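Contents: one structure, followed by commentary.
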Amino acid sequence: MIATPDSGVWPLFLARMILGLAISLAGTALAVEPFFAPASTSGSIQVQLVPTEVVTPGGNRLVTFGVPFPRGSLSVAGLSTLRVLRNGVEIPAHVDSMTPWRHRLNAALDGTSVRVARIQITYAFAGTVAEPITVAWGGPARVLDVPALVSARSGWHTVTSGSYVAADNVQEPDVYAVLPKDWLGMGALRGTRNAPFDATNLEARDNPSTNAAIEHWPAYLEADRAAKNNFYSLVNQDSGAVTVANQCHYKTDFEPWLYDRAASMFALYFRSGFHASLREAVRASDFYTDHVNASGFFDLKDGDTKYVYAENLAYRYWLTGDDTALNRLAAIVTAQAGFGDNWTPGTGFWTERHAAFKLLANQISYEINGGSQASAVSTLVGRLVAHQNGANGQIPQPPGYVDGGLYHLGSQHDGDWADNSFGASSWMSVLVVDAMLRAYSTSEDPAIANFIRRMGNFLRASTINTTDHGYDNFNGPLALPRYAMLSNGSDGQVDASDVEHALDVASGLAWANYFAEMTQQTDSRLAETAEDLYFTYDEGVNFWIRPNGPASGLPAYRVSPWRKYGWEHRVSGGLGWATLAATATQDALFENGFD
């Protein structure tokens, strides 16, 4: 563990101590929180309808949106009870099922409940501010049914303000439907549950001087604040004083799109319920799709499959009801087919990152289309499991061999370690964990649970404590995930900049710990290392806040490189939930502010 902290660290340190005690008390005999949120066969949620600047009071507007449901909540027949209410009075609505809950391994669960329902209404605003409606289900049948679906794009317009101008040809809904963060946190869209933002984390950007003065927030609130505040830098809304040269050039530069810029913004929305993040995510996804060519590649980085993403398309489809969001999905899956994921020593180029995005694209296609895509996902999962198992003896196990990594030759990984040595990348492996988590959400495959648990052993071993971390605001050693570790545990490649992957690797370890507890193979080192890495990240947040930056034309909330937002926050939304869900005392922890 990290050395005893000074007085300024005590609030965070005490939180860690309590969590550590909970972890130690959990034991192998105590159950974890279920992976899936409980079914909600009846209930209601309030949805905020937020008009854009094209909406005028009194005029009818077409509003189309999706509502996700935990598995087992509603059958297709049960959609007849889904009603839309305004001030307690039912209004006419079209309702259909966009996507069912699929299951690759259990036919009894495959397609038997609705995952995302589409709702379409015509709505007139009294003014120019958000107005609430209620979506209810499981009660009386819908009386004012609208049988025909109109193209959702009939209620969209060309964006002419903010992050895009008319020449960018980006489209967005006239009206956004914003769902409650607690409902989004149940994980029906992401596939994994999360802990929603606490009530004090408001939508507006925080004052950087205030946040810079707060050395540590309790539990995981530091990451939550950074996810929000860094988002504003990402869309060039940090400060009006930031010069053009220091802004994020996402319209012309491919780098900000790595790790799926749009999906990362959707991930923020899923935890916050913020309208701003939903709107920018939809806009970014529409821009991205416009720049995916017929071959499935992102035209700002044509031919490179690590920029080929399906995830953001699914979220735009599910949240806006826009069928055109899927126009490039098949091409994206085809583009990913060009990467040879079936690893052998003679494969040639191979990285965990490429394998992860290939699995993720096929998994998204399966979730939406079902059918033969189930076989494709099963094949990709099976190859990754076989690789971790040693690829039929093709990966040697020298003295000190560390189980869990997807070891491959340095020559296959752009020479990032010795060509003839077997190694693996810590933070790229987290991308695989993320894709495998998604595959688990539609299979509950024990092989995936075991894969993620064993990957945690590799991630733990790849983490070292060092003073060579680059954070001049902390003098002691910090946990740092080595970029590459050889199969015997020695350095493959290590650099001070690896410290910037503390949050994502911590997330991978938290999920490994969750599955270790689920399968009664407790290893307390997994949770301990995750906490050490989160402490590192916590220190790093303050390092990157520069309240006086705008005076020099720089963002106050710095994101460097721009792609860092994606590698940190797209995969880490479930960190807090997974950590607490793995302990038997989670309810008490949530009640005491660990949310």
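The values are calculated or read from the model by the stated rules, or taken from the named source; none is laboratory data. Quantities reported herein were computed from a predicted structural model and do not represent experimental measurements. Please note: Cβ atoms are built from the backbone with ideal geometry, for glycine as well, and neighbour counts cover all protein chains shown.
A few remarks follow.
- The one condition from (1) modelled with pLDDT under 95; (2) assigned to a helix (DSSP H, G or I) that GLY371 does not meet is (2).
- Listed conditions (1) in contact (Cβ under 8 Å) with a residue 40 or more places away in the chain; (2) farther than 30 Å from SER233 by Cβ are all met by TRP183, apart from (2).
- Residue under evaluation GLY456, criteria (1) touching a helix residue (DSSP H, G or I) at 6+ places or on another chain (Cβ under 6 Å); (2) of a type outside the set (Lys, Arg); (3) over 25 Å from HIS413 (Cα atoms), criterion not met: (3)
- Residue within the stretch 167-180 that is touching a helix residue (DSSP H, G or I) at 6+ places or on another chain (Cβ under 9 Å), farther than 23 Å from PRO68 by Cβ, in contact (Cβ under 8 Å) with a residue 60 or more places away in the chain and part of a helix (DSSP H, G or I) present: yes
- Checked against (1) touching a Pro at 6+ places or on another chain (Cβ under 9 Å); (2) over 13 Å from VAL67 (Cα atoms); (3) of a type in the set (Lys, Arg), ARG115 passes all but condition (2).
- In this entry, GLY470 is excluded by the filter for residues that are in contact with a helix residue (DSSP H, G or I) (Cβ under 8 Å, 6 or more places away or on another chain), in a loop (DSSP other than H, G, I, E, B) and under 22 Å from ASP523 (Cβ atoms).
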